[in-house]
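S.K.: Would you mind keeping the following structure in view while I ask a few things?
The values are calculated or read from the model by the stated rules, or taken from the named source; none is laboratory data. Just so you know, these numbers come straight off a predicted model, no measurement behind them. Every residue, glycine as well, gets a Cβ built from its backbone with ideal geometry; the counts of neighbours run over all protein chains shown.
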Amino acid sequence: MARIIASVLATTTPLAEARGLTIETNVVGPLPAGLGDRMRISEVLINLLHNAVKFTDEGFIRLSVEVVDDNFLIKVLDSGRGIAPEHILKIFKDFSKISLPGEMEAGAGLGLAIVDQIVKKHGGSISVESEPGKGSCFTVTLPVRAALLEAKAS
């Protein structure tokens, strides 16, 4: 997990800096070696951090990772636009894009749906707490020793 975090930060930090933002990190460790699909877990973190950068005009973005009860607990917190309560359940559905009135956002609206699928295939969960104008906190819980559910079905 530590290598995944370093790799993801190497690609997302320049995007944040280009918008005048920094990504704060709080890794409570040392983190144990995990079992799971490294590329897919990277995709989860990249997607969550890219969204935080995309929807935060000023303020902060914070990535925290720790191990709690044999699970990686990953949080991406930002001080961005936030999400209205009526849109929370929609954001994890395919082709779901939530834009402000008169605004066109780039992307197909698949990122969080893919994140949700990856997390579930690893036996984990994702949730979000958000308030419009105050930011969002996405929380991902992944077993340290994730046995991919898709692999078990084969």
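S.K.: Name the pairs: first residue in the range 37-53 and within 18 Å of Gly133 (Cα to Cα), second residue charged (D, E, K, R) and surrounded by 17 or more Cβ atoms within 10 Å (Cβ to Cβ), Cβ to Cβ under 8 Å, at least 6 apart or on different chains?
M.R.: Ala52/Asp78
S.K.: Residue check, Ser79 against (1) modelled with pLDDT under 85; (2) in contact with a strand residue (DSSP E or B) (Cβ under 8 Å, 6 or more places away or on another chain); (3) not hydrophobic (A, V, I, L, M, F, W, C), all met but one. Which one?
M.R.: All conditions pass for Ser79, except number (1).
S.K.: Are there any pairs with C-beta distances below 8 angstrom linking a residue in the range 56-75 that is under 20 Å from Glu131 (Cβ atoms) and among the aromatic types (Phe, Trp, Tyr) to a residue that is part of a strand (DSSP E or B) and at pLDDT 95 or above, with the two at least 6 apart or on different chains, and if so which?
M.R.: Phe60/Glu24; Phe60/Leu77; Phe60/Asp78
S.K.: Separate question: Any idea how many residues of the range 7-43 are touching a Pro at 6+ places or on another chain (Cβ under 9 Å) and either within 23 Å of Phe55 (Cα to Cα) or hydrophobic (A, V, I, L, M, F, W, C) (or both)?
M.R.: Initial filter on the range 7-43 (touching a Pro at 6+ places or on another chain (Cβ under 9 Å)): 34-36.
Within this subset, residues satisfying the condition of being either within 23 Å of Phe55 (Cα to Cα) or hydrophobic (A, V, I, L, M, F, W, C) (or both) are 35.
Summing the residues that are touching a Pro at 6+ places or on another chain (Cβ under 9 Å) and either within 23 Å of Phe55 (Cα to Cα) or hydrophobic (A, V, I, L, M, F, W, C) (or both) in the range 7-43 gives 1.
S.K.: Listed residues Leu31, Leu21; which is modelled with pLDDT of 95 or more and more than 16 Å from the chain's Cα centre (by Cα)?
M.R.: Within the list Leu31, Leu21, the selection yields Leu21.
S.K.: So, in the range 23-45, how many residues would count as being crowded, with 19+ Cβ neighbours inside 10 Å and under 22 Å from Ser79 (Cβ atoms)?
M.R.: 3
S.K.: Now, a different point. Can you name every residue in the range 26-69 that is assigned to a strand (DSSP E or B) and of a type in the set (D, E, K, R)?
M.R.: The first filter runs over the range 26-69 and keeps only residues assigned to a strand (DSSP E or B), leaving 26-27, 35, 61-68.
Result: Arg62, Glu66.
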